[in-house]
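Let me begin by presenting the structure, written as structure tokens, before commenting on it.
The values are calculated or read from the model by the stated rules, or taken from the named source; none is laboratory data. Please read these numbers as outputs of a predicted model, since none were measured by experiment. A quick note on method: Cβ atoms are made from the backbone with ideal geometry, for glycine too, and the neighbour counts reach across all protein chains shown. Just so you know, the surface numbers come from the protein's heavy atoms only, side chains and all, with ligands and any DNA or RNA stripped out. Shrake-Rupley method; radii C 1.70, N 1.55, O 1.52, S 1.80 Å.
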Amino acid sequence: MGQSQASRFIFLTSVHQVAEKIEALGQFVMKTRRTLKGHGNKVLCVDWCRDKRRIVSSSQDGKVIVWDAYTTNKEHAVTMPCTWVMACAYAPSGCAVACGGLDNKCSVYPLSLDKNENLAAKKKSVAMHTNYLSSCSFTNSDMQILTSSGDGTCALWDVESGQLLQSFHGHSADVLSLNLAPSETGNTFVSGGCDKKANVWDMRSGQNVQSFETHESDINSVKYYPSGDAFATGSDDATCRLYDLRADREVAIYSKESIIFGASSVDFSLSGRLLFAGYNDYTINVWDVLKGTRVAILFGHENRVSTVRVSPDGTAFCSGSWDNTLRIWA
């Protein structure tokens, strides 16, 4: 954090000012290529498998579905003991999914090739919070899982034993989202919540190493820039923001006067040049990260967009909505 005054001074300009001379992005067209139907209620979370083909989704209907994004077939479906399954995640190996929500737990289900297998019988309860589970993510292996909760904490768990390895205290209200730093950049993750704060954590020590508080309302979504040097946030204040970790400050705001609805979810393109953001007015806005301009508005969902996730190879992204469907865009 101890940056010299001179280098700090350089960062006091915004990304948009620095990028003035960069060529603007041309027109680009993204369309819905697939619509995945099968949930009976609001889709709350989606995650891609590393095979770039499968997607897991969770819904207010209590179901967790594994889809083949090419064929739109449902490969697995699990009915959870509670509704409002707010979090789901694919294991790095592709052999398991994790999920949870109003049951305050994070459960891991192994996936096998046998379509008729009773997944529920093999369920492992890994994490226990004292309030709802808002987000979960495997670390770089299937053996550990990171969770965030309405109880104001994040926690790291051992999947096999269900043991708590580390807990992270520093938010003063519900934590709504978390995201792990790209694996090359070390053991940190970022979390955002109802206290309007985005906190960066050291996974090993449990320490809150950086904190950012410039949003005017709940932070619904946090996502690392592909290089790991920055992260984006989406908030109920109708803005998305970019925070530079080395400069230790906010460097960009993505907003328009015409956008008055909250941003529920954000994700970067593979290059980091585009920021995809889902909003409560049923649209997805695509932002030029450097210029700060909106380069596309994607219409199609018929209710609020709850989640957007770019595929691992960057060729497509998936959105989930309160209209009960998922859409694959490319």
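Couple of notes before you dig in:
- Considering the conditions (1) more than 22 Å from MET203 (Cβ to Cβ); (2) touching a residue at least 12 places away in the same chain (Cβ under 8 Å); (3) not charged (D, E, K, R), THR71 is excluded by exactly one of them, (2).
- Every residue from the stretch 80-109 that is at pLDDT below 95 and either open to solvent by 30 Å² or more (accessible area, probe 1.4 Å) or of a type in the set (Gly, Ala, Ser) (or both): PRO81, THR83
- Check on SER134, buried (at least 16 other Cβ atoms within 10 Å of the Cβ), of a type outside the set (Asp, Glu), within 21 Å of PHE317 (Cβ to Cβ) and in contact (Cβ under 8 Å) with a residue 24 or more places away in the chain: no
- The set of residues in the stretch 198-211 that are modelled with pLDDT of 95 or more and either of a type outside the set (Phe, Trp, Tyr) or open to solvent by 10 Å² or more (accessible area, probe 1.4 Å) (or both) comprises ALA198, ASN199, VAL200, ASP202, MET203, SER205, GLY206, GLN207, ASN208, VAL209, GLN210, SER211.
- Residue within the stretch 162-178 that is touching a residue at least 24 places away in the same chain (Cβ under 8 Å) and of a type in the set (Asp, Glu) present: yes
- Residue within the stretch 34-55 that is of a type in the set (Phe, Trp, Tyr) and loosely packed, with under 15 Cβ neighbours inside 10 Å present: no
- Output for the stretch 282-330, where each listed residue is acidic (Asp, Glu), part of a loop (DSSP other than H, G, I, E, B) and buried (at least 17 other Cβ atoms within 10 Å of the Cβ): ASP323
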